[in-house]
1. Run the quick spin-label model on residue 144 and residue 286: label points 7 Å from Cα toward the beta carbon, then report their separation in nm to one decimal.
2. Summing +1 for each Lys or Arg and -1 for each Asp or Glu, what net charge is found among the other residues whose Cβ lies under 14 Å from the Cβ of residue 298?
3. Using a 1.4 Å probe over the heavy atoms of the protein chains, calculate the carbon and sulfur portion of the accessible area of the stretch 38-130 as a whole percent.
4. Rounded, prolate or oblate: which fits the stretch 1-92 when a ≥ b ≥ c are the square roots of the eigenvalues of the alpha-carbon gyration tensor, with rounded for a/c under 1.5 and prolate only if a/b beats b/c?
5. I'd like the accessible area for residue 109: 1.4 Å probe, protein heavy atoms, all chains in place, Å² to the nearest 10.
6. Report the relative contact order of the stretch 1-112, percent, no decimals, based on alpha-carbon pairs under 8 angstrom and at least 6 residues apart.
7. Residue 308 to residue 253: extension gain in nm, 0.36 nm per residue of separation minus the Cα-Cα distance?
Amino acid sequence: MPHLSIILPFYNEAGGVRDLFQRLHPVLHQLDLSYEVICIDDGSTDDTFAGLQHARELDNRIKIVRMARNFGKEAALTCGLHLAQGDAAITIDSDLQHPPEVIPDLVKKWQEGVQMVYAIRRNRDTDSEARRFFSKAFYIVFEKIADIKMPEGAGDFCLLDRKVIDAVNSLPERNRFMKGLVTWVGFRRDVVPFNVAPRNEGMSNWDFFRLVRFAFDGLSAFSTLPLRIWTWSGAAVSLLAITYGLYLTLRTMLFGTDVPGYASVMVGILLLGGLQLLSLGMIGEYLSRVFTEVKARPIYFVAERVGFSGN
């Protein structure tokens, strides 16, 4: 069994495969530890799989998984952890924004007895101003309302001990927010800071709306506060309505009736209608996640495996 399993998700990264392994292999060689490199081709439509096959011809410690289609990064990481045989696993992006040169620092912490080592971003110079703002806001909101405490700047670049891997693999849920799941299982943890490098080539596949969706997936997976907010909002609106009703009754008794205001009626109707639609939408978001879990579909399907025992 290898000491380390390096898990690399790929999606249309054909142009960067060679550069990645030119930097990764020297780093792994200097560790003096046995290792395997598990490459997950998450339904790429370019020549990523061919590039990975060529890399394996040069080093048979590279193992390749080709997904049946694009299932998303969370599914690719889940697949990698399911297949990892090492005493520890390191998940790292394949676009070189996670520098392979940080791996020895992660391994050193692990050898000191730390079971989960996060690589924490020192900077976000490669992100736009808007993305930096929303990322900061996400971590602040997540810290306030979630049931777990995740370090700010924590991402998918981390080292997991075998005990952590087994714990994460035992979780049955299908709506997977891997950063949150890794934090939720517990164990002794520490951090290693690093500077984010520019992408090796191309652009990120994560647009603004996909990032917002992903952020809400993370919040809804580890907090029910968004649901409770609408309970409190309904109670507050009901209290205001009762108070206003008592005021109108008292005013009518003292001063008689007057012509009702069209504007105030419309504002009340629109306000209540908006609150109802928002609350129904929030309930629907949580219900959709329940629906996904109840269907119990597999998280991913593998079309081809190369380099694993039994192939």
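The values are calculated or read from the model by the stated rules, or taken from the named source; none is laboratory data. As the structure is a computational prediction, the values presented were derived from the model and not from experiment. In this analysis, Cβ positions are derived from the backbone assuming ideal geometry, glycine residues included, and neighbour counts consider all displayed protein chains. We work out accessible area using only protein heavy atoms, side chains counted, and drop any ligands, DNA or RNA first. Shrake-Rupley method; radii C 1.70, N 1.55, O 1.52, S 1.80 Å.
1. 1.9
2. On the way: positive: 69, 174, 176, 295, 297; negative: 74, 173, 293.
After counting each charged neighbour, the total is +2.
3. 42
4. The shape class here is oblate.
5. That residue has around 60 Å² of solvent-accessible surface.
6. It comes to 41 percent, rounded to a whole number.
7. 11.4 nm
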